[in-house]
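Remarks on the structure that follows.
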Amino acid sequence: MRFTYSQLDNSQKHKSDRIFHYLSVESVAKLCFKSVKTVEKWKLTGCIPPESKRLIRKHLRLELCHKPEWFGFYMEGEKLRLPTGQLVQPQQVVLGLALLELGMESEMEIVRKLNRIVRVLEHIRLSKIDAPPKETSGKRNR
């Protein structure tokens, strides 16, 4: 049974419109290996085949995985949106896992793990810096 755009409910219309807000008809056609005419028909009717929707969501990074356990998790810019609505940064994920791992361990083991986490966080922080580090010339002041 085929539906027309007017027969879809508002959430379905919004989802269909959102795809074409981010991508042009030509880029959707190229991504899904379809003709521009077919994609224009999808846009008019609002009915996009599920396999094409999944490709588009993956391309836009709106879906992390198709498994039900990952429902509600998606990327929003550079952050991960949780099903609770929270936006988290990579450092927060690493730190949260570290806190879970610490549990009831000896102090030396905790110190080792914290040092490892600090190195990972420092690596993430340094990878965000666009400019190369400034080189110092001349003698150091002591």
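Computed from the coordinates by the stated procedures, all read-outs in this text should not be read as laboratory data. What you see is a predicted model; the values in this text were computed from it and never measured. Positions of Cβ are backbone-derived with ideal geometry, glycine not excepted, and every protein chain shown enters the neighbour counts.
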Item checked: Label-point gap, in nm, between Ser127 and Leu114 - each point 7 angstrom along Cα→Cβ -> 2.4 nm
Notebook entry, point to check: Residue by residue through the range 66-73, which ³J(HN,Hα) values in whole Hz follow from phi under the Karplus form 6.51 cos²θ - 1.76 cosθ + 1.60 (θ = phi - 60°), with glycine and proline marked x?
Noted result: 7, 5, x, 5, 9, 4, x, 8
Checklist line | Residues with amide H under 5 Å from that of Tyr74, placed H, sequence gap 5 or more | finding: Arg81
Margin query: Under 5 Å between amide hydrogens, which residues at least 5 positions from Ile48 or on another chain qualify, with H placed 1.01 Å from N in the peptide plane?
Written below: none
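So which of Lys30/Lys128; Lys30/Lys58; Lys58/Lys113 end up more than 25 Å apart by C-alpha? Don't jump to the answer; show the numbers that get you there.
Values: Lys30/Lys128 32 Å; Lys30/Lys58 14 Å; Lys58/Lys113 34 Å.
Listed pairs above 25 Å: Lys30/Lys128; Lys58/Lys113.
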Next item on the list: Grab the beta carbon distance between Glu101 and His66, set R0 = 35 Å, and tell me the FRET efficiency rounded to 0.05.
Entry: 0.75
